[in-house]
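The values are calculated or read from the model by the stated rules, or taken from the named source; none is laboratory data. Here the structure is a predicted model, which means the values were calculated and not measured. We place every Cβ from the backbone using ideal geometry, glycine too, and count neighbours over all the protein chains shown.
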Amino acid sequence: MNWPTTKAELISLQLELASATPAPWVLPDRPLIGGVWVCFPRGLSGPGAAGDPAWAAAVVTDGRRVVEQQSSRGTALASYTPGLLALRLGPVLEGAVRRLAGRPDVLLLDGTGRDHPRGAGLAVQLGAVLDLPTVGVTHRPLVASGDWPDDLAGATAPLLVDGRHVGTWVRTRTGTRPLAVHPGWRTDLATSVAVVSTCLAGRRTPEPLRLARQAARLLRGR
DNA sequence: GCGACAG
DNA sequence: ATCTTGTCGC
């Protein structure tokens, strides 16, 4: 499967993926959890533009420590448009993950899943492209809504779209904003929260994502 | 028409 | 995403 290069093609793919029914993935006892992150030049503001330089990093962890790490230079193929994030980041994210010699059991990324205008956010798309189970983690929902959970580590609350439970607010750490956790490719609500929970290490951000972001920024330079 | 809007 | 110092807390 390749990345769409036009808005119309991406929308078509999203509609297709929204109704796809890939075999559910089962969380193993000691999963290798991957994370992938893309960062842009300091000072860049707004939606950006096609051609923006980008730096990406992908890591594989045992949930705490890095098992493998790869980073690469890339180029954004489009500006950012809500609902069409893949047009900007898809190929860059995929490229970083494909540099890995090994494959994680599940991959974390910054993007939504079914919390999307067409029911297939970047987490669903990237998982389909890579044929890898994914879980999305964002600071806020895209179209879903729901009250925050109690300010206690481990507390959760549903994220809804038209009454559908599409994601979960997770208070990963007491005293910080909750994260929105999204089932992606081959993962469900319970599994997505379980994956995030197993790689928190006492921090707000899941370790694989934190480490990938750290690596991408290191490559970019200060 | 206006604002909101994953990153 | 990125812009940003100090500051409060464990």
Count, please, the residues in the stretch A:55-101 that happen to be among the β-branched types (Val, Ile, Thr) and closer than 11 Å to A:Pro208 by Cα.
5
All conditions in (1) exposed (fewer than 13 other Cβ atoms within 10 Å of the Cβ); (2) at pLDDT below 95 are true of A:Leu44 except (1)
Working only within the stretch A:33-48, note down all residues that are farther than 30 Å from A:Val195 by Cα and hydrophobic (A, V, I, L, M, F, W, C).
A:Leu44
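Residue-wise test of (1) surrounded by fewer than 22 Cβ atoms within 10 Å (Cβ to Cβ); (2) within 15 Å of DNA strand B (Cβ to nearest atom); (3) of a type in the set (Lys, Arg); (4) within 18 Å of A:Ala86 (Cα to Cα).
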{"residue": "A:Pro149", "(1), (2), (3), (4)": "yes, no, no, no"}
{"residue": "A:Val161", "(1), (2), (3), (4)": "yes, yes, no, no"}
{"residue": "A:Ala190", "(1), (2), (3), (4)": "yes, no, no, no"}
{"residue": "A:Val193", "(1), (2), (3), (4)": "yes, no, no, no"}
{"residue": "A:Ala212", "(1), (2), (3), (4)": "no, yes, no, no"}
{"residue": "A:Ala216", "(1), (2), (3), (4)": "no, yes, no, no"}
Residue satisfying condition, being of a type in the set (Lys, Arg), within 15 Å of DNA strand B (Cβ to nearest atom) and modelled with pLDDT of 95 or more, within set A:Arg30, A:Arg98, A:Arg88
A:Arg88
Only one of (1) surrounded by fewer than 18 Cβ atoms within 10 Å (Cβ to Cβ); (2) within 16 Å of DNA strand B (Cβ to nearest atom); (3) more than 18 Å from the chain's Cα centre (by Cα) is not met by A:Thr21, so which one is it?
(2)
Scan the stretch A:90-98 and tell me whether some residue there is free of Cβ contacts under 8 Å to residues at least 24 places away in the same chain and of a type in the set (Lys, Arg).
no
Quickly run through the stretch A:98-111 and pick out the residues that are closer than 13 Å to A:Val38 by Cα and either surrounded by 24 or more Cβ atoms within 10 Å (Cβ to Cβ) or in contact with a Lys or Arg (Cβ under 6 Å, 6 or more places away or on another chain) (or both).
A:Leu108, A:Leu109, A:Gly111
Just the residues that are touching a residue at least 24 places away in the same chain (Cβ under 8 Å), more than 22 Å from A:Thr198 (Cβ to Cβ) and in a strand (DSSP E or B), please, taken from the stretch A:129-181.
A:Val161, A:Arg164
Looking at the structure I just gave you, is A:Arg114 buried (at least 22 other Cβ atoms within 10 Å of the Cβ), closer than 21 Å to A:Pro4 by Cβ and more than 9 Å from DNA strand B (Cβ to nearest atom)?
yes
When residues of the stretch A:47-77 are limited to those that are among the polar types (S, T, N, Q) and more than 16 Å from DNA strand C (Cβ to nearest atom), the one surrounded by the most Cβ atoms within 10 Å (Cβ to Cβ):
A:Thr61
Residue that is over 20 Å from A:Gly35 (Cβ atoms), surrounded by fewer than 19 Cβ atoms within 10 Å (Cβ to Cβ) and either under 16 Å from the mean Cα position of the chain (by Cα) or not basic (Lys, Arg) (or both), where the choices are A:Gly175, A:Gly202
A:Gly175
